[in-house]
Structure formats: C-alpha cells, structure tokens
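A short write-up of the structure that comes next.
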Amino acid sequence: MRLSTTPSLDRFDAVPAASYRPGHGAVRAWLYLLAVLVVAMVAVGGATRLTGSGLSITEWRPVTGVVPPLSAADWAVEFDKYRDTPQYRILNQGIGLDGFKTLYWWEWGHRLLGRIVGLLFFLPFAWFWIRGMLGRRLLLGLLGLGLLGGLQGAIGWIMVASGLQPGMTAVAPLKLALHLTTASLILAGLVWLAAGTRPRALAPAPESVRVFAGLLPVLVLIQIWLGGLVAGSKAGLLYNTWPDMDGSLVPPARVLFDKVPFIENFIDNLALVQFNHRLFAYLVVLAAIAHAVQAVRIAPGSAAGRAMGVATLALAQMGLGIVTLLLQVPLWAGLAHQVFAMAVLIMATVHARLSLGVPAASAPEAGDVPIGLEALAGRGI
C-alpha cells in the first residue's frame, strides 16, 4: 500500500481501504458489545465486593446455579448454607432473611452476567467461524480469549472459596486481584482485536511512539492489579489523607516492611499496599503525559490525539482515586474508580493497537485468510 497516492492525507492518519472485507463490521460490533458487557461485569463485581455480597452463594453450580431460589423453602436452604459461613458468624450474625436476599441478589446477578457473557461469546463466535468470517489471526486470538474466559470462571470460584475458609470474612486479596486483572486482560484482548478490524487502513506510527504506546496498557494492567490488592485488603480505609499518608509523604520503613518474610509485605502490609498503588498511579500518569508530548512532537495527527486522550483519562482517574480515598471509599466513588480504570485501559489498548497500523482489507496478509466450513469445502476438504 502506497500512501503517496493520497497526497491530501497526513502520513499518520487513516487512508481509505481499497475494499472492505465482508463481515468484519458485524465482528467488530460483536467484540465491542462483549467489551461493554465485561465492563458491566467489573462494575457489578465491584458492587458485590463493596456490599459484602460475594460470599452469599456458597456453591459453584455453573449450570443449575442460573435458577435462583423460587420458594420460601428454597430461600431457607440457601440461608442455612450462608449461616454456616465464617462471614455470617463473625460479621453478619442476625442479618435476617431479607438482608440475606439483598446480598444474594448481588452475587447471583454477577454470576448470571458472567454466564450471559459466555453465551454471547461462544454462540456468535461459532457462527462467524462456520461462515468463514474470521481470519486466522483473529480466530486464534478469539480462541485464546475463550480459554481465558473459562479460566476466569474457575478463578472466580477459587476466589470465593478462599473466603469460605475458617476465620475468613472476605475473599483473599491476592485472588481478588487476580480475578480483576484477568477480567481486565479479557477486556483488553477484545478491544485489541476489535480495533484491528477497522474498515479503513492506517499507517503505523513511528517506532518510538509504537513502543511507548505498547507499554502504556501494561502499566495500566499493573496498576489495576495493585488496585485489586487495595480493594481486597480494604487498604484504602487505612490512610485517608493526600498527598501525605497521615503526615508523611513516605511512611517509615518500619511501617512499610514490618512483616516476615519480607515478600509478604507486598500483599499483607496494608500501608505498603496502599503506598504502592499511590506510587504507581503517579508513574502511569507521568508516563502517559510524557508519551503524549512525544506523540505531538513526532507523530502529529491521529496518534497524537489518541495519546492525549490516554493522558487525559489517566489524569482524571488519578483525581477520582484521590477523591475516593479522601471520602473513605463510599460505594459510588469506589465503583466509579473501578469502572473508570477500564476506560483508561480501553483507550490505552486501542491506542497501542492502532499505533501498529492497520493494513488495507483488500489484501489480507498471509496467514490471515478467513477460515470456516465454507472455506474448507471450497478447498475440497
């Protein structure tokens, strides 16, 4: 593809594709729909955590669990199971059936949404595959996301099971962080694949911009992991001042590293968990701003606009995090902070993918030929 044939276009902006590969519009819309549903999953999961509802369903029933209690007897059975958990005996004793129902519906809704996402992934995926509407690379990417989605369900149950152990009143922070980060990886994968199916070709950004753009989603994912540790351990309730932590910009080493063995401080020391999340937030924002300046200087056009968008969202997310901290994590702020992190990840991922460039659809790359039953039949297989 020679960009010089369209002199009015910027070297780093979109150029028209000679033709549009049939079906990619539907595939792209499907991928973005799944991405929206994953964000909704993260939001409902955050509400489940913040309301303490995550341990209200004590069994993992992937199929039959879709049916909630339908009678007074069914509710009594589920409530009896919950009353046998450490969370009920330690925190919620005397909660009553009505209070239990509130907890139950949050967790049931979260699990139901997960099942819906699974169905809306696998059924259209099978259809697109059969019809030969998926290139080899797109197919492999979707298969990988399908496997990761199945693993995510298992991770979710392992997380819940950790909170049902003796003496536990909530899930293990490390497992919650893993569950949140895996959901974020799935979201990033969906958005990455969707961005690669755009109908118009796009020239790659300069190499230095591409490298920096690819680094940003990685930094955001690490920050989401650290945020998951804060959420799981409730470390956000320990220091509710900013920019200091109860008078110190950096807490003393004896506070940050008081546990043995040393490595446990990064998971179980609430002061260090919150400090790491704060510190890495500054790093993400500074990296995003530096990249925006770089892109404006050497890649004016769409790449610079996307880079500035990432920097703006990262800065807004840091501000929202500070507000959440100062207000001692009210439900609305905690949810907004978690969901907005997904917005930052989406923008950073789209920017990273488009910075690599998108070839014209009229000339599929070798190894990216659509694969399906019709294509196989055409080859006499």
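The values are calculated or read from the model by the stated rules, or taken from the named source; none is laboratory data. The shown structure was predicted, so the numbers you read here are calculated from the model rather than taken from an experiment. Here the Cβ positions follow ideal geometry from the backbone for every residue, glycine too, while neighbour counts run over all protein chains shown. We work out accessible area using only protein heavy atoms, side chains counted, and drop any ligands, DNA or RNA first. Shrake-Rupley method; radii C 1.70, N 1.55, O 1.52, S 1.80 Å.
Per-structure values
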| quantity | calculated |
| --- | --- |
| Cβ-placed point charges (K, R +1; D, E -1), dipole of region 88-215 about Cα centre in debye, nearest 20 | 360 |
| Heavy-atom accessible area per residue - region 164-279, 1.4 Å, Å² | 45 |
| Rounded Å value of the spacing that divides the Cα centres of region 274-331 and region 48-106 | 39 |
| Binned Cα-Cα distances of region 52-163, short to long, each 10 Å bin given as a whole percent | 12, 37, 25, 15, 9, 2 |
| Cα long-axis angle, helix 207-233 against the chain (0 to 90 degrees, to the nearest 10) | 10 |
| Carbon + sulfur, % of accessible area of the chain - ligands and nucleic acids excluded, 1.4 Å | 70 |
| Long-range tail of P(r) for region 26-70 (Cα pairs > 17 Å, %) | 56 |
| Estimated Rh, region 118-160: Kirkwood, alpha-carbon pairs, angstrom | 11.2 |
| Local electrostatic count, Phe212, Cβ distance below 15 Å [Lys/Arg +1, Asp/Glu -1] | +3 |
| Within region 51-76, backbone nitrogen closer than 15 Å to the virtual label 7 Å beyond the Cα of Leu112 toward Cβ | 57, 63-71 |
| Estimated FRET transfer efficiency (Thr312, Leu215; beta-carbon r; R0 25 Å; 0.05) | 0.90 |
| Computed FRET value (nearest 0.05) for Val67 with Ala154, which takes r as the C-beta separation and R₀ as 22 Å | 0.55 |
| Using a Förster distance of 25 Å, the FRET efficiency for Leu140-Val339 (Cβ separation, nearest 0.05) | 0.25 |
| Of Lys81/Lys101; Lys175/Lys259; Lys101/Lys175, pairs whose Cα-Cα distance is over 22 Å | Lys101/Lys175 |
| Fully extended contour minus Cα-Cα distance, from Trp127 to Leu237, at 0.36 nm per residue | 34.8 nm |
| Relative intensity, log₁₀ I(q)/I(0), of the chain from a Debye sum that treats every alpha carbon as a point, q = 0.09 Å⁻¹ | -0.62 |
| Cα-based Rg and Dmax for region 261-334, where Dmax is the largest Cα-Cα distance (Å) | 16.1, 51 |
| Relative contact order [Cα under 8 Å, 6+ residues apart], the chain, whole percent | 28 |
| Values of log10 I(q)/I(0), in the order q = 0.12, 0.14, 0.21 Å⁻¹, for region 178-324 under a Debye, Cα-only, solvent-free model | -0.61, -0.78, -1.31 |
| Distance in nm between pseudo-label sites at Arg200 and Gln165 (7 Å out along the Cβ direction from Cα) | 5.4 |
| Cut-off under 5 Å, modelled amide H: who pairs with Val358 long-range | Leu202, Ala203 |
| Highest-first arrangement of 148-157, 128-137, 250-259, where packing means the average Cβ count within 10 Å | 128-137, 148-157, 250-259 |
